[in-house]
Amino acid sequence: MDNIYLRMTNMPIGEMLGRIQAAVVYLADCASTCPSSADNVMKNILDGAGKVDAYGRVCALIGYVTGGIYRTDNQKLVYEMVTGEKLEETKKA
């Protein structure tokens, strides 16, 4: 598997901003029905992204989602929405 951060540098900024905006709308909708602290964190990371900081915010989201041991379905979905890549589960040894 290639490095996700390197793959994200190849994504056009317009596409990245569109994916970020879609994820923020999705997370805002989720917050109105069943609020979750993980969803709120992801929304705070992504909300307000602009051309100059979109890549950094996506990197922060990737680090947040992949840094945890257990991931919620929303974390997996938002990761996939923003990066366009399927989140691979880590295998236990």
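Protection proxy ranking of 32-44, 71-83, by the mean of other Cβ atoms within 10 Å over each peptide's residues and highest first, is 71-83, 32-44.
Our coupling estimate for segment 65-80, obtained by passing each phi through the Karplus curve with A = 6.51, B = -1.76, C = 1.60 and θ = phi - 60°, is 6, 7, x, x, 6, 10, 10, 7, 4, 5, 4, 4, 5, 5, 4, 5 Hz, Gly and Pro reported as x. Dividing the helix sum by the residues of the chain, where each DSSP H run of 4 or more adds -39500 (n - 2.57), gives a mean residue ellipticity at 222 nm of -21000 deg cm²/dmol. FRET efficiency for the pair residue 70 and residue 13, taken as 1/(1 + (r/R0)^6) with r the Cβ-Cβ distance and R0 = 41 Å, rounds to 0.80.
Values quoted throughout were computed directly from the atomic coordinates according to the rules given, and no laboratory measurement underlies them. Given the structure is predicted, the values throughout are model-derived calculations rather than measurements. Backbone-built Cβ (ideal geometry, glycine too); neighbour counts: all protein chains shown.
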